[in-house]
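All remarks here apply to the structure that follows.
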Amino acid sequence: MPVTRPDRPPDSHLRVFAPALVLLVVAIFINYIDRGNLSIAASTLKDELHISAKQLGELLAAFFYTYTAMQFVVGWLVDRFDVNRVFAAGFLLWSVATAGTGFVHGFVLLLIMRMILGVGESVAFPSCSKILARHLPEHHRGFANAFISFGLKSGPAVGTLGAGLLMAKYGWRPVFIGIGLVALLWLPAWAKWMPRGPGISRPVTARTGYRDILTQRSFWGGSAGHFASNYLLYLSVTWLPYYLQRERHLSLSAMSKVASLYFAVDALSCLTTGAVADFFIRRGHSPTLVRKTAMALGHTSAAIALVGLAFAGQDHYLGWLFAVGAACGISGAGVFAFAQTLAGPETAGRWAALQNGFANFAGVLCATLTGFIVDKTAHFSGAFEITAAIMLLGGFAWIFGVGRLEQKISAPKSPAAIAPVAAEA
């Protein structure tokens, strides 16, 4: 049965943590709007600045280079210093970079702003994982992680419609400046409601290094599974609008509505999966069984739906498309929940950062490989089939690559020093 502190009822942790959780969700929501704004403005920006398609591709990729590279550094920062302050500093940096993008002129300065944006946003998920591992027990982390992923997946949905309409009316520069400056209102709210104290763990010094994490089989299983989940996510974020317009011949307006609905299905599916998983864990079911079952369902469903979408005709593709969205939500709900439990509260930042770093190579591979396939075949069928295969392999990684869902390294001897984990059934 789930282990909880005797001085607190089972649900009190989540109620006390609720304001901070909402602010984390809002931060990730803003994070994904900011990183996607350049894609929305790409066509206009290319014409205005007279840059080549190659240069535009370099601008879009610049974010991923610094973002991915910093994952291997920021985990140490999150575990070494006050995670609340590290998160706030990163948020400030990426908001200033977003606003600054609207002021700069020329390819080089835009490239620099995108790289700074990647540095700032790199703190987000390692910080969230550290905070959740420290302040929430296992039977609440499924919903909390899914709620944060809900913010992640809502960002593209809102950004595609909202930012696109604003750019059409006011131009891309005012939109970048406005979004960056308005986002700064998050900082005083975080200063007031950020979680304080050791939470449900004792403030011990983590002595675990990266080498200890990299020698864990469960780390590599989780990284492979996370890579597959990210591959499908980045396929949706980067190529869905193009697919709907070029292969399904939708207008810009119709594409925006369908794409937004897709991301809404994805987000709701993610949130539901996290809540249902926590329900079963609170009922005494094994966290290992519950979390792995959710991953198996999400990855298998995604593979089936992607193959169906690859061969669907014009009259039936929407059903398969939304099935892909639902499966994407299921597979993405718990990627960081695994890391938080396997690492424990004092090492969660480094484990999550490393896992996220390796998983984000999917962004580079997906964008490049999908573009190559579409360019050669003029269709997305091959890209969907490859993504289906990757999702199946990712499902196997979650199930067989990750061991029993329990803290693997640097576990303090005192049971009060680690986050409560449900006993295996």
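Quick notes
- Near pairs, Cβ below 9 angstrom, 6+ apart or cross-chain, from the range 174-187 (more than 18 Å from V25 (Cα to Cα)) to any residue that is among the hydroxyl-bearing types (S, T, Y) and surrounded by fewer than 23 Cβ atoms within 10 Å (Cβ to Cβ): G178/Y170
- Pick from the range 350-388, criterion among the hydroxyl-bearing types (S, T, Y) and under 22 Å from the mean Cα position of the chain (by Cα), ranking: modelled with the highest pLDDT: T387
- Residue within the range 174-189 that is farther than 27 Å from D266 by Cα, assigned to a loop (DSSP other than H, G, I, E, B) and out of contact with any Asp or Glu (no Cβ under 8 Å at 6 or more places or on another chain) present: yes
- Odd one out for V104, checked against (1) touching a helix residue (DSSP H, G or I) at 6+ places or on another chain (Cβ under 7 Å); (2) modelled with pLDDT of 90 or more: (2)
- Scanning the range 342-384 for residues that are within 26 Å of R248 (Cβ to Cβ) and among the small types (G, A, S) returns A362, G363, A367, G371, A378, S381, G382, A383.
- Looking across the range 258-298 at every residue that is among the aliphatic types (A, V, I, L, M) and closer than 18 Å to L136 by Cα, the one that is surrounded by the fewest Cβ atoms within 10 Å (Cβ to Cβ) is identified as A275.
- Residue list for the range 118-138, filter: at pLDDT 90 or above, over 17 Å from G334 (Cβ atoms) and outside any loop (DSSP other than H, G, I, E, B): G118, V119, G120, E121, A124, S127
- Meets criteria (in contact with an Asp or Glu (Cβ under 7 Å, 6 or more places away or on another chain) and not in a loop (DSSP other than H, G, I, E, B)) for G349: yes
- Qualifying residue in the range 234-257 (condition: touching a residue at least 40 places away in the same chain (Cβ under 8 Å), of a type in the set (K, R) and crowded, with 19+ Cβ neighbours inside 10 Å): no
The values are calculated or read from the model by the stated rules, or taken from the named source; none is laboratory data. Since the model is a prediction, treat every value here as computed from it, not as a measurement. Methodologically, a virtual Cβ is constructed for each residue, glycine included, from the backbone with ideal geometry; neighbour enumeration extends over all protein chains shown.
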